Structure formats: C-alpha cells, structure tokens
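The values are calculated or read from the model by the stated rules, or taken from the named source; none is laboratory data. Because the structure is a prediction, the values reported are computed rather than measured. Cβ sites come from the backbone with ideal geometry, for glycine too, and all protein chains shown count toward neighbours.
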C-alpha cells in the first residue's frame, strides 16, 4: 500500500526502487559465487595411542576463511556404518583450520566404552564446510533507506493536510 502510494505520487522513485532491488537481489549472489574457493582435505591418517585416537589431516584452503570441521568414522566392510565422535578436541569445530598437520584428538573410550576391535577396517572422513561471511548488512541498509524514505514522504504529506479536519460540503444544487 505504501509502495503504491509512493509510486503514484513520485513516479521516478519507482524506477529507483526497482534498480536498487535488482542490484541487491540479482547481482550480489553472482558476486558471492565468483569469490568462492575450493577446499580440499588431504592426507587423512589416524593412530590409536592408549585411550585416544589421533587423526591428522591437511586442509588446502584460504588461511583467512573460517571452516566448520566434522569427523565421521566409517567401516570399509559396512557402507551403512557411520559414527560421529563427540569426545573430540583439537582442529575441529569452527575456526581457521587451513594448513598442514592439523590434529584431532578423540577420546574414543568416552563414546565407545567397549573399545574398538582391531579386526574391523575403520577409516575417517573429514567433512569441511566453508563458513561464508554474512552479507545481510546490505539488506538492512537498503531496507533502512527505503523505510526512511517512505516515512519521510508520509510525514511530509500529513503536515499539509493537518489543517483540514472535516470533509468539505458538497456544492449546492442548481
């Protein structure tokens, strides 16, 4: 309703609104896709030391970018089997983990009290998700500008009409 009122009264604003909305909603996602980088996990190795499993990996990616790192244990003989360790510490979670010789320590006896049998052929998969910086501030700025403009236009029109409190009488009959 406000947009319709504004565009009726100020027709040039309609073109400005459309231009701003096209720029924000169409071109910003395209720019975000161009700057995305490839992330690669290499050299995943693990070893059991007493009651812990040490998992090492290399993460090829930007040093400035934050990543979310998760680890999953799988079995070679059973493709359905997946176990996500909980009692972990080290280069896991959210942070700047790009680089070589990253290490995750898993206290596996806390998650699996009966232990892990050496008969099974286990391996670990490191899942990496890039944490994108939020571009939502652009939407807040544009929305704030549009809302401020609409409020100013509405208030400026109300100030003109404040002197008139009743409808005028209709013209007399001939």
Pull out all pairs, ordered by first then second residue, where Cβ-Cβ is under 8 Å, the residues are six or more apart or on different chains, the first lies in the range 35-48 and is closer than 18 Å to residue 99 by Cα, and the second is modelled with pLDDT under 85. 37/62
Since residue 114 meets every condition but one in (1) without any contact (Cβ under 8 Å) to a residue 24 or more places away in the chain; (2) in contact with a strand residue (DSSP E or B) (Cβ under 8 Å, 6 or more places away or on another chain), which condition does it not meet? (2)
Residues that are at pLDDT below 85: list the helices (runs of 4 or more DSSP H) wholly contained in the range 1-115 that include at least 2 such residues. 2-9, 11-22, 28-34
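Evaluate the range 133-150: report whether one residue or more is under 30 Å from residue 89 (Cα atoms) and modelled with pLDDT under 85.
The answer is yes, given that some residue of the range 133-150 is under 30 Å from residue 89 (Cα atoms) and modelled with pLDDT under 85.
Would a scan of the range 79-100 turn up a residue that is more than 30 Å from the chain's Cα centre (by Cα) and loosely packed, with under 13 Cβ neighbours inside 10 Å? Steps first, please.
In the first step, residues of the range 79-100 are kept if they are more than 30 Å from the chain's Cα centre (by Cα); the result is 79.
Checking which are loosely packed, with under 13 Cβ neighbours inside 10 Å leaves us with 79.
Within the range 79-100, one or more residues are more than 30 Å from the chain's Cα centre (by Cα) and loosely packed, with under 13 Cβ neighbours inside 10 Å.
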